[in-house]
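The values are calculated or read from the model by the stated rules, or taken from the named source; none is laboratory data. Remember, it's a predicted structure, so these values are computed and weren't measured experimentally. When we count neighbours, we look across all protein chains shown, and the Cβ atoms used for this are built from the backbone with ideal geometry, even at glycine. Surface areas here come from the heavy atoms of the whole protein model, side chains and all, with no ligands, DNA or RNA. Shrake-Rupley method; radii C 1.70, N 1.55, O 1.52, S 1.80 Å.
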Amino acid sequence: MDLVNRGLVPTVPASIRAYDQNRWDDRPGVPVDLAINIDVQLSEPHLILPGNEPPSVPYTVLPHGYSVQVTKVDDHFDVLRHFVEPEGELELLVTLHEIDVSTAKTEKKVVEVRVEDHRIGQLTPQTSAKFLPAVRHLANRGLVTVGRGWFKGSSVSAQVSLMAAKAHELPDEFLTGDPKTAISLNRPRRTPVAGAVSVASAAATTSRTFVIDLVTSQPFTPWQQKEALKLLRAAASAAGDITEDPVVTDSTIRAAVLHEHAELIANAIAGIEDSDFGLANDYRTAISKP
């Protein structure tokens with residue numbers, strides 16, 4: 001009724017089968033009975049709608065797929081506790097993001113899982129590799145990747161699974177067609193706004209910083225990406241309380257930095273592109289001094 005009262009028509013998948021039913025006393029010339037079965041795929045009442053609203057930015061929802069486990073969920077129970085229901089389970093719309101978890105010895109990219117802009121875990125490197133091509137492709141189209149998450153939780157623990165198609169399972173019409181969206185019911189969000197700041201502090205930050213958003217003239221090597229990320233993390237640290245983490249891919253760079261550091265950082269990034277890390281090292285050394 002909530003959906004109907006909002007002017008919406010609820011629909012569900014269904015299958016309708018009609019066939020001649022054989023009877024033990026069938027005789028030639030005697031009509032047979034027509035059997036009809038109608039099956040409706042309808043979830044339990046508390047699972048009919050996701051427990052949160054879709055993103056406010058352009059996005060597309062991945063088709064359903066086999067369930068995969070989201071790891072490191074226990075580290076983010078402070079977020080997931082807001083979604084605990086008496087039934088103990090809930091469907092959530094989660095967003096998928098590429099993050100760099102490389103170490104000094106290995107290069108590693110994984111999929112981070114977020115709900116309402118809050119991190120709630122990540123996929124394993126092996127599982128991430130099956131989703132990253134789609135996440136990158138959709139990001140290049142200006143779309144955030146959304147999947148359906150299955151949340152099971154109580155007042156002391158939580159578990160999240162992702163039920164979404166992997167990159168090799170996606171049809172061409174999904175990858176190139178119009179975004180697939182979910183119904184927004186304009187319900188209040190359950191969690192605090194990520195990185196919320198007061199109006200006064202937000203104004204101060206805006207006046208001191210701006211966002212670098214660059215496209216490299218040639219692809220960065222993994223080593224160059226790591227050096228650029230270290231540089232931009234240092235720049236973000238110098239800028240103070242920045243809610244958006246620096247992002248470095250093989251062809252793009254994005255970070256919030258101080259106005260007075262803009263020229264230094266641009267020159268340092270140009271040096272990294274030419275495999276000259278001296279300017280980047282000089283910048284990091286300069287801002288690390290008390």
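General remarks:
- Within region 115-135, considering residues that are charged (D, E, K, R) and under 11 Å from the mean Cα position of the chain (by Cα), the one nearest to Ala182 (Cα to Cα): Glu116
- Ser161 being in a loop (DSSP other than H, G, I, E, B) and either open to solvent by less than 20 Å² (accessible area, probe 1.4 Å) or small (Gly, Ala, Ser) (or both): no
- Qualifying residue in region 125-144 (condition: outside any helix (DSSP H, G or I), surrounded by 14 or more Cβ atoms within 10 Å (Cβ to Cβ) and touching a residue at least 60 places away in the same chain (Cβ under 8 Å)): yes
- Positions within region 252-261 being in contact with a strand residue (DSSP E or B) (Cβ under 7 Å, 6 or more places away or on another chain) and over 13 Å from Glu98 (Cβ atoms), in sequence order: Ile253, Ala255, Ala256, Val257, Leu258, His259
- Tally, over region 35-72, of residues that are assigned to a loop (DSSP other than H, G, I, E, B) and β-branched (Val, Ile, Thr): 3
- Answer from Asp117, Asp25, Asp74, Asp39 - the residue that is among the acidic types (Asp, Glu), at pLDDT 85 or above and exposed (fewer than 11 other Cβ atoms within 10 Å of the Cβ): Asp39
- Residue list for region 223-245, filter: buried (at least 16 other Cβ atoms within 10 Å of the Cβ), more than 24 Å from the chain's Cα centre (by Cα) and at pLDDT 80 or above: Gln224, Glu227, Leu231, Ala234, Ala235
- Residue that is open to solvent by less than 50 Å² (accessible area, probe 1.4 Å), in a loop (DSSP other than H, G, I, E, B) and modelled with pLDDT of 80 or more, where the choices are Phe151, Phe220, Phe174: Phe220
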